[in-house]
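K.L.:
Sharing a structure here in structure tokens format.
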Amino acid sequence: MTLRPFKKITSIVTPLEKVNVDTDQIIPKQFLKLVQRSGFGRFLFFDWRYDKQENKRPDFVLNDLRYENSEILAVGDNFGCGSSREHAVWALLDYGFSVIIAPSFADIFFSNCFKNGVLPIILEQATVERLQQEAGMVEVDLECQTITSPSEVIHFEIGTYRKKILLEGLDEIAQTLLYERDISEFEKKSMIPSVL
Amino acid sequence: MLLAGYLRIIQTGIKMGKTLFEKIWQSHIVAERQDGPALIYVDRHLVHEVTSPQAFEGLRINDRRVRRPDLTVATMDHNVPTSNRMLPILDQTSAVQIQTLEKNCRDFGIKLFDINSDNQGIVHVIGPQLGITLPGTTIVCGDSHTSTHGAFGALALGIGTSDVEHVLASQTLWLEKPRPFEIRVKGKRKNPHAVTAKDIILSIIKNIGTDGGTGTVIEYRGQGVTDLSMEQRMTVCNMSIEAGARAGLIAPDEKTFEYLRGRKYTPDDYESLVDSWRDNLRTDSDAKFEKQFTLHIDDIAPQVSWGTNPGMTCDVTESIPSPDEFSKGNSGQKKSAEKALDYMALESGTAIQDIKIDRVFIGSCTNARLEDLLEASKIVKGQKISPSVRAMVVPGSQMVKRQAEELGLDKIFLDANFEWRESGCSMCLGMNPDILSPGERCASTSNRNFEGRQGTGGRTHLVSPVMAAAAAICGHFVDVREMDLR
């Protein structure tokens with residue numbers, strides 16, 4: 001899938017001060033039955049956003065009007081743990097988040113982000129907490145690997161390959177198919193028989 | 001002198017032993033990039049109805065084919081009803097997902113075990129049962145519990161839908177190399193019928209935390225692991241993801257080779273493969289792990305989860321800890337424990353055995369194999385479930401169901417007022433009609449006690465099959481070690 005190249009983002013930070021947020025919370029299973037990638041945003045954090053009558057819960061941060069158009073979510077440790085459902089990333093993106101900042105991420109969720117043009121940023125816990133408390137406007141510049149808030153410039157790390165994929169919006173499968181010769185060579189040597 | 005010293009270091013570096021994971025990894029590298037990941041070849045790709053529709057759609061849009069349909073196998077498990085298979089599927093969106101998988105498999109030439117197949121079942125139950133799972137292979141599936149197949153000494157990874165599409169198109173994946181993590185399970189359980197593989201893995205997660213394995217591939221080693229049967233090893237590896245690990249595996253041994261011998265898709269030249277596996281598939285004695293943890297199991301108790309992630313677990317003989325005791329000074333964990341107790345409607349200090357339950361679910365890719373049902377049936381035999389409890393058994397596959405029925409297990413469960421269902425993921429994640437009502441409390445043999453996992457507002461306690469069966473009879477948790485297990 002060709003992605004939209006990742007541009008600089010300037011947005012208010014939405015603070016979600018929870019650890020171990022699992023993908024069942026990000027998108028509950030009753031919404032996994034769609035067969036397309038779009039339209040999951042309205043189900044994001046569904047059970048936290050809405051009560052049983054589907055009224056907005058006023059105490060949940062996404063229902064706070066200040067963060068209505070936010071594109072950056074700052075969360076606690078081990079974000080995206082549990083199920084491998086990529087629907088979690090589709091829901092975040094469809095809702096409007098394209099940057100997720102956390103002290104740590106679950107592996108599969110972290111990898112899924114890059115396939116969809118979402119940038120997950122790992123920062124020290126104290127720095128994430130500061131961004132959550134300030135909950136102000138920041139600029140995320142992937143090219144320079146910086147987050148600029150009114151009070152500071154924070155540097156973040158990202159793998160060269162992953163950075164390139166995001167900046168150029170590359171279709172990863174098209175890139176891999178350029179390795180056709182290597183894949184065919186590998187298959188000739190492989191000892192593992194077919195299933196059928 | 002100095003130069004000789006350097007040479008020695010270089011030589012040692014070259015000769016340093018490798019872990020089993022590193023051997024499998026290395027033997028599957030197709031290409032490596034200077035800037036990070038390696039392109040890893042995939043030997044087996046398992047596909048199911050929920051995480052694949054968008055992947056096949058991606059192939060169509062880009063006019064791509066499935067590179068190796070002969071290495072790809074599909075089944076439907078996540079949202080299939082477990083009631084009468086002759087009736088139509090009432091949930092229209094589930095029906096569409098199932099029809100979509102049928103069409104995709106037809107269009108792209110992929111072997112499908114559909115809802116009426118004798119071999120239908122939870123993808124992680126049927127892979128090993130059919131001899132599709134093999135030692136030393138790389139296996140992927142768009143499901144986090146793919147780690148189950150690591151019990152056979154395979155590198156088995158859960159992946160997202162974009163990666164499913166990537167594997168369909170190229171039979172490869174770009175992966176950053178995880179770090180090897182050794183978990184040594186030492187000792188011998190005093191009562192292996194009452195203290196099970198589920199209690200071992202829950203104890204591990206309780207100790208290392210739900211992110212203790214992040215970025216790693218766990219190798220489970222030691223007598224506590226080699227003593228386990230293949231089905232028990234699958235229970236352990238299954239929940240590696242619940243500790244955050246990329247995968248979990250166990251070196252194959254004679255039990256592994258014997259389990260796979262003569263199964264439906266076991267390769268023709270199986271014995272020669274076994275010879276090479278026996279020689280190669282083990283961690284060298286001088287290999288280095290980047291992380292280590294040891295669990296002593298001589299005295300471990302049956303485990304019961306009390307919170308909303310699998311790390312929130314304690315012994316059946318204990319009381320629910322206070323958020324302060326649980327969090328050991330971590331403010332995020334403390335808040336999360338407080339929220340968990342509120343969601344679970346439980347108070348610190350309550351004895352686990354005083355918790356009454358409404359529902360019992362024996363099923364899932366963690367604990368719905370023949371041995372699980374057989375062990376649970378020993379508790380149930382000749383008893384009735386508590387009148388306040390509704391209990392169901394959902395075999396992991398149609399094959400497990402048939403084998404159990406041949407042993408008469410269905411009658412034992414039905415006589416005790418359990419429901420006996422068709423196979424599928426069922427109430428492990430509640431995508432089909434099997435769900436908890438808000439506020440209901442369930443003793444479940446599944447793998448996740450997340451908020452709403454088994455139904456919005458439902459409360460899940462993770463336990464072993466024998467603990468679930470005992471809770472069904474008594475209406476509350478009991479220490480199964482005190483029951484007669486014959």
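K.L.:
Quote the charge dipole size of chain B about the Cα centre in Debye, to the nearest 20; the model charges only the Cβ of Lys and Arg (+1) and of Asp and Glu (-1).
P.N.:
The dipole of chain B has a size of about 480 debye.
K.L.:
Would you work out which of A:LEU131, A:PHE109, A:VAL99 lies farthest towards the positive end of the dipole of the range A:8-190? Charges go on Cβ: Lys and Arg +1, Asp and Glu -1.
P.N.:
Result: A:PHE109.
K.L.:
Across peptide A:170-183, how many C-beta atoms of other chains are within 10 Å of each residue C-beta, on average?
P.N.:
If you average over the peptide's residues, the count of other-chain Cβ atoms is 5.
K.L.:
List the relative contact order of the range B:71-142 as a percent without decimals, with contacts defined as Cα pairs under 8 Å and 6+ residues apart.
P.N.:
Relative contact order, the range B:71-142: 41 percent.
K.L.:
Would you work out if the protein assembly as shown is rounded, prolate or oblate? Take a ≥ b ≥ c from the square roots of the eigenvalues of the alpha-carbon gyration tensor; rounded if a/c is under 1.5, else prolate when a/b is larger than b/c, oblate otherwise.
P.N.:
rounded
K.L.:
Which whole-number percent is the relative contact order of chain B (Cα, under 8 Å, 6+ apart)?
P.N.:
Relative contact order of chain B: 17 percent.
K.L.:
Taking Cα pairs under 8 Å and at least six residues apart, what relative contact order does the range A:8-190 come out at, in percent?
P.N.:
In percent, rounded to a whole number, it is 24.
K.L.:
As a test of the formula, what do you get for chain A when each DSSP H run with n ≥ 4 contributes -39,500 (n - 2.57) and the sum is divided by the residue count, at 222 nm and rounded to the nearest 500 deg cm²/dmol?
P.N.:
-8000 deg cm²/dmol
K.L.:
Calculated from DSSP H runs of 4 or more alone, at -39500 (n - 2.57) each and per residue, what is the 222 nm mean residue ellipticity of chain B, nearest 500?
P.N.:
Mean residue ellipticity at 222 nm (helix-derived): -9500 deg cm²/dmol.
K.L.:
Within 10 Å, count the other beta carbons around each residue, average over each peptide in B:66-76, A:186-196, A:167-177, and list them highest first.
P.N.:
Result, highest mean first: B:66-76, A:167-177, A:186-196.
K.L.:
Bins of 10 Å, beginning at zero and ending with the bin holding the largest distance: percent of Cα pairs per bin for the range B:312-414, please.
P.N.:
13, 32, 26, 21, 8, 0
K.L.:
Here is the link list: B:LYS186/B:LYS335; B:LYS186/B:LYS334; A:LYS52/B:LYS339; A:LYS29/A:LYS52; B:LYS186/B:LYS288. Which ones come out longer than 23 Å on Cα distance?
P.N.:
Check vs 23 Å cut-off fails for B:LYS186/B:LYS335; B:LYS186/B:LYS334.
K.L.:
For chain A, set up a GNM with springs between Cα atoms under 10 Å and report which of A:SER151, A:SER11, A:SER98 has the largest fluctuation.
P.N.:
Greatest mean-square fluctuation among the candidates belongs to A:SER151.
K.L.:
Other chains near A:10-21: what is the mean number of their Cβ atoms within 10 Å of each residue's Cβ?
P.N.:
3
K.L.:
For A:LYS18, go through the aspartates and glutamates and keep the ones whose alpha-carbon is under 17 Å away, minus same-chain ones fewer than eight residues off.
P.N.:
Of all the aspartates and glutamates, those that pass the test against A:LYS18 - Cα under 17 Å, at least 8 places apart if same chain - are A:ASP47, A:ASP59, A:ASP64, A:ASP77, A:GLU124, A:GLU129, A:GLU134, B:ASP211, B:ASP324, B:GLU338, B:ASP342, B:GLU451.
K.L.:
Next question, about the same structure. Using only the C-alpha atoms of the range B:381-486, find the volume of their convex hull and express it per residue in Å³.
P.N.:
Expressed per residue, the convex hull around the Cα atoms of the range B:381-486 is 100 Å³.
K.L.:
Quick check on the range A:8-190: of the DSSP beta bridges with both residues there, what percent are antiparallel, nearest 5%?
P.N.:
Here the antiparallel bridges make up roughly 45 percent for the range A:8-190.
K.L.:
Pull up the cross-link candidates among the lysines for A:LYS164, meaning alpha carbon to alpha carbon under 25 Å and not fewer than 8 places away within one chain.
P.N.:
A:LYS7, A:LYS8, A:LYS115, B:LYS177
K.L.:
Taking a quarter of the surface of the convex hull around the Cα atoms of the range A:8-190, what do you get in nm²?
P.N.:
Value for the range A:8-190: 12.2 nm².
K.L.:
Okay, moving on. Using a/c under 1.5 as the rounded threshold, could you call chain B rounded, prolate or oblate? The axes a ≥ b ≥ c are square roots of the C-alpha gyration tensor eigenvalues, and prolate needs a/b larger than b/c, oblate otherwise.
P.N.:
It is oblate, given that a/c is not under 1.5 and a/b is not larger than b/c.
K.L.:
Which residue, A:VAL140, A:VAL13, A:VAL153, has the most motion in a Gaussian network model of chain A that connects Cα atoms within less than 10 Å?
P.N.:
A:VAL153
K.L.:
What lysines sit close enough to B:LYS411 to cross-link, taking a C-alpha to C-alpha distance under 22 Å and skipping anything fewer than 8 places away on the same chain?
P.N.:
B:LYS411 reaches B:LYS378, B:LYS381, B:LYS384, B:LYS401.
K.L.:
Follow-up question, since we're still on this one. How well do other chains shield peptide B:445-457, expressed as the mean number of their Cβ atoms within 10 Å of each residue Cβ?
P.N.:
The per-residue average across the peptide is 4.
K.L.:
Oh, and also: If a/c stays under 1.5 just call it rounded; otherwise compare a/b with b/c (prolate if a/b is bigger, oblate if not). Do that for the range B:240-324, with a ≥ b ≥ c from the square roots of the Cα gyration tensor eigenvalues.
P.N.:
Prolate.
A short reminder: the numbers here are calculations on the coordinates, not readings from a lab. From a predicted model like this one, the values you see are computed outputs, not experimental measurements. Note that we place each Cβ from the backbone using ideal geometry, even for glycine, and neighbour counts take in every protein chain shown.
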